1. What list of ³J(HN,Hα) values in whole Hz, one per residue of the range 140-156 in order, does the Karplus curve 6.51 cos²θ - 1.76 cosθ + 1.60 (θ = phi - 60°) give from phi, with Gly and Pro shown as x?
2. Under a 1.4 angstrom probe, counting protein chains only, how are Glu129, Glu232, Glu291, Glu22 ranked by accessible area, largest first?
3. Out of every Cα-Cα pair in the range 160-314, what percent are more than 27 Å apart?
4. I want the antiparallel fraction of DSSP beta bridges within the chain, as a percent rounded to 5.
5. Order Leu233, Leu299 by their accessible area, 1.4 angstrom probe, all chains in place, largest first.
6. Quick check on the range 274-313: take the gyration tensor over C-alpha atoms, sort the square-rooted eigenvalues as a ≥ b ≥ c, and tell me if it's rounded (a/c under 1.5), prolate or oblate.
7. Taking H placed 1.01 Å from N in the peptide plane, check which residues at least 5 places from Gly284 or on another chain put their amide H under 5 Å from its amide H.
8. Is there a quick way to get the dipole size of the chain? I mean about its Cα centre, with the Cβ of Lys and Arg at +1 and of Asp and Glu at -1; what is the value in debye to the nearest 20?
Amino acid sequence: MRAIVMREFGDPDVLRLEDAPEPTPRAGHALVDVRLAGVNYADVHVRGDTYLAPVELPYIPGNEVVGTLDGGRRVVGLTRGGGYAERALLHRRVTWDVPDTVGDEQAVALALQGNSAWHLLFTALRLSEGESVVVPAAAGGVGTLAVQLAARAGAKVIGLAGSEAKRRLALELGAHAVVDSTAEDLTERILDAAGGPVDTALEMTGGATFARTLAAVAPRGRLAVYGFAGGELANVSTRELMERSLTVSGFWLPQLYADRTALQTSMRALFGAVADGSLRTLTGTTYALGEAARAHRDLAARTPTGKLALDVTR
Ligand SMILES: NC(=O)c1ccc[n+]([C@@H]2O[C@H](COP(=O)([O-])OP(=O)(O)OC[C@H]3O[C@@H](n4cnc5c(N)ncnc54)[C@H](OP(=O)(O)O)[C@@H]3O)[C@@H](O)[C@H]2O)c1
């Protein structure tokens with residue numbers, strides 16, 4: 001089968017199209033004919049060998065797919081690698097039938113980024129109506145969904161984004177205010193936009209951005225950390241946590257893969273919201289399978305908005 005195989009870690013050129021062996025069937029898993037493979041920022045970390053869970057080479061990247069199984073059932077599912085390929089093995093626990101009301105391009109935005117957005121807001125932050133929340137990369141994959149889900153839940157959303165066009169998009173999706181994510185005075189800008197310290201915040205850049213975001217959180221507030229796109233992990237001062245009675249939690253979606261109820265709850269809510277029109281998935285560029293390197297280059301350059309995917313049939 002055609003697949004993107006990584007034989008070394010490094011820049012996007014390590015993502016090469018090859019003829020690879022078919023996946024070996026395993027108990028509890030389903031073999032899916034892939035149509036779309038989602039591209040996620042996690043794949044950039046895997047390629048650079050900075051992902052939370054190290055991988056062994058040679059490796060087929062890709063942690064979510066949409067496709068068909070058993071001769072026609074349309075499914076979306078999560079994987080631990082193997083997604084950038086014509087066929088992928090999905091654990092049945094993290095594979096869901098896609099309702100007729102939801103298209104393939106919409107479904108591929110929901111498995112990894114949709115579930116992450118939902119559980120970040122409602123499991124990690126326990127966001128309530130009327131609270132304020134900072135959403136970083138508000139025009140990105142997780143961010144576009146988090147902005148809408150938080151706004152629908154009655155929260156006041158402060159969206160961070162790196163360009164004027166992205167900030168406009170975040171406002172269109174329901175953000176109450178937007179802030180330039182690259183600003184040195186990020187803390188002051190968040191405080192200005194929110195009219196004071198915020199109740200809750202999401203953080204995925206790391207380094208100085210983590211510290212600047214945490215500084216804008218009110219005493220007794222909550223922050224959930226789920227990435228370090230800037231490449232630098234942040235350290236938390238326990239003194240700062242005590243002084244302001246802050247809660248900082250971590251989040252990594254694969255920790256929920258064994259929790260069928262948690263993911264079923266979020267998938268049902270996400271499918272329902274897409275079907276009734278209250279949640280918009282934003283389809284970014286769809287690349288041919290052999291263009292995986294270009295997709296990674298674009299993602300690392302911070303230019304795309306919405307969901308990036310590889311069309312495995314092209
Ligand atoms: N822990 C988990 O389970 C989990 C699950 C899903 C995603 N994530 C994390 O969530 C984040 C978003 O993932 P995604 O797949 O939805 O990607 P994305 O938001 O579509 O794209 C990444 C965005 O991150 C922002 N960014 C900030 N600093 C950056 C830097 N130094 N280099 C590149 N981009 C930077 C950029 O937005 P601006 O230019 O607008 O700032 C960029 O567009 C990533 O950090 C990812 O690792 C974690």
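The values are calculated or read from the model by the stated rules, or taken from the named source; none is laboratory data. This structure is a prediction, so every number in the text was calculated from the model and none was measured. Because the Cβ atoms are built from the backbone with ideal geometry, glycine has one as well, and the counts that use them run over all protein chains shown. Surface accessibility is based on the protein's heavy atoms, side chains included, excluding ligands, DNA and RNA. Shrake-Rupley method; radii C 1.70, N 1.55, O 1.52, S 1.80 Å.
1. Working through the residues one at a time gives x, x, 5, x, 4, 6, 5, 4, 5, 5, 5, 5, 4, 7, x, 8, 9 Hz.
2. Working: Glu129 155, Glu232 115, Glu291 60, Glu22 85 Å².
I get Glu129, Glu232, Glu22, Glu291, largest accessible area first.
3. The share of Cα pairs beyond 27 Å in the range 160-314 comes to 37 percent.
4. So the antiparallel bridges amount to about 55 percent of the total.
5. Values: Leu233 125, Leu299 35 Å².
Result of the area sort, largest leading: Leu233, Leu299.
6. On the way: a/c = 5.13, a/b = 1.65, b/c = 3.11.
Judged from the Cα gyration tensor, the range 274-313 comes out oblate (a/c at least 1.5, b/c at or above a/b).
7. Lys307, Leu308
8. Approximately 560 debye in magnitude.
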